[in-house]
Each structure stands twice: as C-alpha cells, then as structure tokens.
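Structure incoming, see below.
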C-alpha cells in the first residue's frame with residue numbers, strides 16, 4: 001500500500017526566530033519513500049540539517065518576522081501489515097542488555113521513574129514478565145487515561161498523567177514508558193504519522209501520533225497504549241527518551257502557531 005503523509009503549519013513571529021525541527025521521516029524508512037518529504041518554507045529561507053544523538057534527522061532555520069509557513073507532502077510505500085505481536089518475547093535481565101538500550105532505563109524529563117517505581121512494582125511486580133508485562137502496562141494505561149484534546153498540556157509528565165487521568169497520545173506513551181522502565185524494560189518514545197487505515201469511523205482530527213518501543217529478546221517492539229491494538233501504516237519520524245528529545249518544533253523566541261494540519265491517508269489505486 002502507499003500512504004500520503006505531510007503537514008502544513010503556519011507561525012506568526014514578531015521578530016526573526018531560530019527553530020529546530022524534528023519533522024523528517026526517519027532514515028529507517030528512506031528506502032520506502034516514493035516522493036521524498038522535502039521541507040518547504042514560505043518565504044524561502046536557508047535550511048541546514050543534521051543528525052541528533054539519537055540518529056533523527058533534524059532541520060535548523062531562522063523564521064523571518066511575520067507569517068512563516070512550513071509544509072511537506074510525501075508518498076511512502078508501506079507493507080500494510082499490523083504492528084508485530086510476539087507473546088513469546090522475553091524480558092532480558094539488566095546485566096545482559098545491550099549498552100545501547102541502557103539509556104532507555106533511566107528517568108527523563110517527562111518519565112519520572114523515581115516517582116512511579118513503587119506503584120509499578122505493586123501493580124506489575126507479581127505478574128508475568130516479558131511481552132505479557134508490557135501488554136499489562138498498556139492495558140492499565142489505556143484504562144487509566146481518558147483521551148481528550150481539550151486537556152492537552154505540553155508540560156504534563158507521566159506522574160501527572162497518572163494522577164490527572166486525562167491527556168493525549170503523548171501522555172499515554174510517557175506513562176507506559178515510565179512504568180516499563182520501572183520494571184527494568186528499556187522503553188523509548190516515538191513520534192510520527194498514524195492514519196486511520198484499518199479502523200472504523202467516526203474519525204477524529206488528524207494529528208501527529210506518539211507511541212513507544214520496548215526492548216524484548218533481541219529487538220525493539222512497537223506498543224501503543226493509547227490505541228492498545230496493533231495498527232497499520234505507522235510512519236516513524238523520530239525516537240528519543242521522551243517528547244523533549246523529539247519536539248516537532250523547538251522555537252527560540254516568541255511566536256504563535258496559527259495553522260496546523262497533518263495528512264496521513266492511504267492512496268487508493270484507480271483501476
């Protein structure tokens with residue numbers, strides 16, 4: 001299958017404003033791109049790109065004063081398969097984990113393991129390990145948080161999401177990640193496109209999505225505490241410890257986001 005993905009964002013900046021953007025499709029999907037996700041700016045400004053410490057492709061620019069637009073329109077091939085399900089995947093003892101996974105055991109800006117550790121062990125310490133433990137955490141978070149765009153807050157942490165019981169997809173991911181880390185399972189935050197393919201209407205407004213990955217056995221597996229079911233058509237953009245590492249746009253000056261539109265639609269072939 002093919003998926004059309006992209007975005008259209010408009011900022012109002014009172015003065016020239018430096019920006020760092022994590023809006024590019026992840027390099028692991030580069031070979032799937034049919035039409036690349038070239039970043040378009042209006043007005044046109046110089047754009048520099050670099051790899052961050054997590055391997056994500058980031059862009060740097062200075063938005064001019066006044067109205068400034070960012071957009072892209074890409075086409076990508078996808079297998080159409082759902083997220084992998086591996087009930088046999090084992091939890092690996094900390095002393096045997098690959099060194100590259102260890103950073104994803106630690107507390108981070110939005111995932112306060114030190115505040116949630118006792119709770120995690122009370123809830124999941126006597127249950128199964130491995131895949132079943134991660135799924136139990138997803139089930140718990142899915143029930144605990146009520147999805148509500150009206151209560152979105154970019155400063156909400158995993159600990160706060162647990163107590164407030166409401167939020168958006170990033171809050172589900174942060175709480176699940178924190179609980180996994182408390183149980184000695186490496187977990188990392190993911191952001192990207194996730195359309196409505198394979199789901200039943202009614203459909204909500206399209207937005208970027210957040211999910212997470214855990215290290216079990218000898219690889220990373222995808223989990224999604226918000227939807228809590230295997231999905232098709234995920235298009236990864238960036239990975240990090242939490243949303244702080246993969247902010248879609250980090251701006252260094254006052255500005256207002258005036259328009260925001262995300263596209264993630266299956267392209268239906270015409271016979």
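The values are calculated or read from the model by the stated rules, or taken from the named source; none is laboratory data. Just so we're clear, the structure is a prediction, and the values are computed from it rather than from any experiment. So basically every Cβ, Gly included, is an ideal-geometry build from the backbone, and we count neighbours across all protein chains shown.
Which of the residues belonging to the range 164-185 are touching a strand residue (DSSP E or B) at 6+ places or on another chain (Cβ under 7 Å), farther than 28 Å from residue 2 by Cβ and crowded, with 24+ Cβ neighbours inside 10 Å?
174, 176, 177, 178, 180, 181, 185
How many residues are over 17 Å from the mean Cα position of the chain (by Cα) and either free of Cβ contacts under 8 Å to residues at least 24 places away in the same chain or surrounded by 16 or more Cβ atoms within 10 Å (Cβ to Cβ) (or both) if we restrict to the range 205-217?
Result for the range 205-217: 1.
Which of the residues that make up the range 235-266 are surrounded by fewer than 21 Cβ atoms within 10 Å (Cβ to Cβ) and under 26 Å from residue 90 (Cα atoms)? Spell out how you get there, then give the answer.
Of the range 235-266, the ones surrounded by fewer than 21 Cβ atoms within 10 Å (Cβ to Cβ) are 236, 244-245, 247-263, 265-266.
Passing the criteria: only 236.
This table checks each residue for (1) touching a strand residue (DSSP E or B) at 6+ places or on another chain (Cβ under 7 Å); (2) closer than 18 Å to residue 244 by Cβ; (3) assigned by TED's automatic domain parsing to the domain that holds residue 100; (4) modelled with pLDDT of 95 or more.
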position	(1), (2), (3), (4)
16	yes, no, no, yes
44	no, no, no, yes
56	yes, yes, no, yes
61	yes, no, no, yes
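I'd like to verify a number: residues in the range 248-268 that are touching a strand residue (DSSP E or B) at 6+ places or on another chain (Cβ under 8 Å) and assigned to a loop (DSSP other than H, G, I, E, B), how many?
5
For the range 101-122, which positions are more than 19 Å from residue 220 (Cα to Cα), in contact (Cβ under 8 Å) with a residue 24 or more places away in the chain and part of a helix (DSSP H, G or I)?
113, 115, 116, 117, 119, 120, 121
Could you go through the range 126-139 and let me know if any residue there is buried (at least 16 other Cβ atoms within 10 Å of the Cβ), over 19 Å from the mean Cα position of the chain (by Cα) and on the phi > 0 side of the Ramachandran plot.
Yes, there is a match, as at least one residue in the range 126-139 is buried (at least 16 other Cβ atoms within 10 Å of the Cβ), over 19 Å from the mean Cα position of the chain (by Cα) and on the phi > 0 side of the Ramachandran plot.
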